[in-house]
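Worksheet: one structure, shown below.
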Amino acid sequence: MQKLLLAVDRFSTFIGQLFAWSVVGLTALISWEVFNRYVLNNPHAWVLDAQIMLYGTLFMCAGAYTLSKAGHVRGDVLYGFFRPRTQATIDLTLYILFFLPGIFAMTWAGWSYFNDSLAIREQTFNADPLPVYPFKFIIPFAGAVLLLQGLVEIARCVICLRQGEWPSREHDVEEVDVEKLKDMVHVKDADIEALDEIVVKQGKHS
């Protein structure tokens, strides 16, 4: 079971990392359009639509990736103080009551939107139209991947309820731990305070 859970984690991670490259495309596209608009005085009508589609794709395809890393924002500040079994009970209840119906509805409706868009070969409304149906396909695709990752999280809740502790998950990029960074570069708090005093003194003299 654990191998299956980690395999889905790796799949969600792959999808997230793959579509993260859209940031590069989005940055290049915006930079290119700014140059064309303000330097060459030659703006393009389709670029804004392309930017919105790229950003929407990035946003939607990051959902399963973020869930696989337990990175979504939690509204309950007391959650971290609860025992694992209590956390799992809360999570399982919320997954069943809200997550599954919501994501299933999004996936189902997204598939209908995509099919309707594909049937009429829907395009954007501007001087240089772009096809919309490839972008609308991202809705059911992202929903299906997120639903799969959600089922894995539900399985983790059940395992935690049985064993009393959370099973392991795939890890990726982590936020910088300041204390670990200090140990790595052999910097002490006293050194930082001394450096601050030197900067303050130099500021006064200047």
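What the table below lists for this structure:
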item: Where a residue in the stretch 95-117 is outside the structural domain of residue 157 (by TED's automatic domain parsing) and its partner, wherever it lies, is surrounded by 13 or more Cβ atoms within 10 Å (Cβ to Cβ), with Cβ under 8 Å and at least six apart; result: none
item: Enumeration of residues in the stretch 51-78 that are basic (Lys, Arg) and either in contact (Cβ under 8 Å) with a residue 24 or more places away in the chain or in contact with an Asp or Glu (Cβ under 7 Å, 6 or more places away or on another chain) (or both); result: 69
item: Filter result for residue 129 (outside any strand (DSSP E or B) and without any contact (Cβ under 8 Å) to a residue 40 or more places away in the chain); result: no
item: Filtered residue count, the stretch 60-81, keeping only those that are in contact with a helix residue (DSSP H, G or I) (Cβ under 9 Å, 6 or more places away or on another chain) and assigned to a helix (DSSP H, G or I); result: 11
item: Residue count, the stretch 49-101 (criterion: of a type in the set (A, V, I, L, M, F, W, C) and at pLDDT below 90); result: 6
item: Any pair with Cβ under 7 angstrom, 6 or more apart, that starts in the stretch 23-44 at a residue that is assigned by TED's automatic domain parsing to the domain that holds residue 129 and free of Cβ contacts under 8 Å to residues at least 24 places away in the same chain and ends at one that is outside any helix (DSSP H, G or I) and surrounded by fewer than 12 Cβ atoms within 10 Å (Cβ to Cβ); result: 36/42
item: The one condition in (1) surrounded by fewer than 14 Cβ atoms within 10 Å (Cβ to Cβ); (2) more than 26 Å from residue 48 (Cα to Cα) that residue 126 fails to fulfil; result: (2)
item: Those residues of the stretch 18-51 which are loosely packed, with under 12 Cβ neighbours inside 10 Å and assigned to a helix (DSSP H, G or I), in sequence order; result: 18, 24, 27, 28, 31, 35, 38
item: Residue within the stretch 142-152 that is farther than 30 Å from residue 43 by Cα, at pLDDT 90 or above, among the aliphatic types (A, V, I, L, M) and in contact with an Asp or Glu (Cβ under 8 Å, 6 or more places away or on another chain) present; result: yes
item: Filtered residues of the stretch 99-111 (kept if loosely packed, with under 15 Cβ neighbours inside 10 Å and either more than 19 Å from residue 57 (Cβ to Cβ) or of a type in the set (Phe, Trp, Tyr) (or both)); result: 101, 102, 104, 105, 108
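The values are calculated or read from the model by the stated rules, or taken from the named source; none is laboratory data. As the structure is a prediction and not an experimental result, all values here were calculated from the model. Methodologically, a virtual Cβ is constructed for each residue, glycine included, from the backbone with ideal geometry; neighbour enumeration extends over all protein chains shown.
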